[in-house]
Every structure is written in C-alpha cells, then in structure tokens.
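Scroll down for the structure; my scribbles are underneath it.
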Amino acid sequence: MNFLNKNQEHKNNNAINVSKKAILSVAVIAVLGVTACKNEAKQETTTPSTEMSKDMAFTDVSFGVRGNCGMCKKTIEKAANGVEGVAKATWDVDKKKIDVSFDDTKTDVMAIHHAIAASGYDTEKVTGSEEAYKNLPDCCKYDHSMMMNQSGEIKAEVH
Ligand SMILES: [Cu+2]
C-alpha cells in the first residue's frame, strides 16, 4: 500500500516535471516569437518614416557624366558618394547620366560635379581632371566628345 502510493507519487512527479518542461519550452518559444514580431513591427514602422524624412530633406538631381563601362560606374558613383551629404548616386552607362540624392544643407550640385570631375570624368558643367583621366584603366578612357545625358535610346557611338 505504502509502496504503491510512493510509486504513484513518483509517477506523478515525473508527469509534473515533463509538463513543466513542456510549458517552459512553449513559453520560451512564445517569448521568442513575440520578440521577433516586435522587431519586425519596429522595422516596419521605422522604415517608412525614415524614407519620408529623406524625401523631405533630400534634393534629387540628374546630370550628364561621360563614361564607358561598369568600372567607370564604380569610380563615378564613388566620387559622388564621397561628397558629404550625398545619400545616393546612380550612374547610367547607357544614358551617360547620374541621378544623385543629396542633403542640400550639407552640399550643393556643383560640389558633386567637381568631385566627379576630380575622379577623371567629364560632367555637363565641369571638365574631368586630365591627370585622373590618364590614370584610368584603358577601357575607361572615354571619348571626350561623347554625348551625355541621353534618353537611353541612342547609344554613344562605338569606336
Ligand atoms: Cu570604365
């Protein structure tokens, strides 16, 4: 009788232990799940508001920049992005044109023209540095008479 009771008690304890563990792991999963959701929700609410403030504070311009290839693209965009206040710079190899988004309290369009010209590339307003041009890889030595800021339909003459 006594023995049976003890055995029963032991079994019950085991059962309690198992269910405690189960509850604990469910709780952990639930907490993790909630945390993940919270992070997601946080990101969702943060991202649009940053974009909105970007739209309000940033000025978008596009202007012609000469160049040949993907390496030119890297150099031109690096030069533009190197200007303090520039948020985004994308050069289009077909259109020979750059789209720049910048904070006009920190810089202006001409500073971006000059930075690109210093890297060796002609812009609509500033002739590229001859010194930097000489140091460009051969494939990047673009034609100085090349059309720029095109619609993208007419490609620069192939030579
Ligand atoms: Cu190039």
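Given the criteria within 21 Å of Met146 (Cα to Cα) and touching a Gly at 6+ places or on another chain (Cβ under 6 Å), does Gly128 qualify? Yes, satisfied. The residues of the range 66-94 that are more than 12 Å from the ligand (Cβ to nearest atom) and assigned to a strand (DSSP E or B), listed by number, are Val86, Ala87, Lys88, Ala89, Thr90, Asp92. Across the range 99-125, what is the total count of residues that are surrounded by fewer than 18 Cβ atoms within 10 Å (Cβ to Cβ) and without any contact (Cβ under 8 Å) to a residue 24 or more places away in the chain? Residues in the range 99-125 being surrounded by fewer than 18 Cβ atoms within 10 Å (Cβ to Cβ) and without any contact (Cβ under 8 Å) to a residue 24 or more places away in the chain: 4 in total. Considering only residues in the range 126-137 that are exposed (fewer than 14 other Cβ atoms within 10 Å of the Cβ) and more than 9 Å from the ligand (Cβ to nearest atom), the one that is nearest to Phe63 (Cα to Cα) turns out to be Thr127.
Against the definition (assigned to a strand (DSSP E or B), modelled with pLDDT of 95 or more and over 19 Å from the mean Cα position of the chain (by Cα)), how does Phe102 come out, yes or no?
Numbers: assigned to a strand (DSSP E or B): yes; modelled with pLDDT of 95 or more: yes; over 19 Å from the mean Cα position of the chain (by Cα): no.
Criteria not met by Phe102.
One residue stands out among those in the range 51-80 that are modelled with pLDDT under 95 and farther than 24 Å from Ala111 by Cβ: the one that is farthest from the chain's Cα centre (by Cα), which is Met52.
Might you let me know whether the range 118-130 holds any residue that is assigned to a helix (DSSP H, G or I) and at pLDDT 95 or above? Yes; the residues of the range 118-130 include at least one that is assigned to a helix (DSSP H, G or I) and at pLDDT 95 or above.
The values are calculated or read from the model by the stated rules, or taken from the named source; none is laboratory data. Every value quoted in this text rests on a predicted model; they were computed, and no experiment measured them. Because the Cβ atoms are built from the backbone with ideal geometry, glycine has one as well, and the counts that use them run over all protein chains shown.
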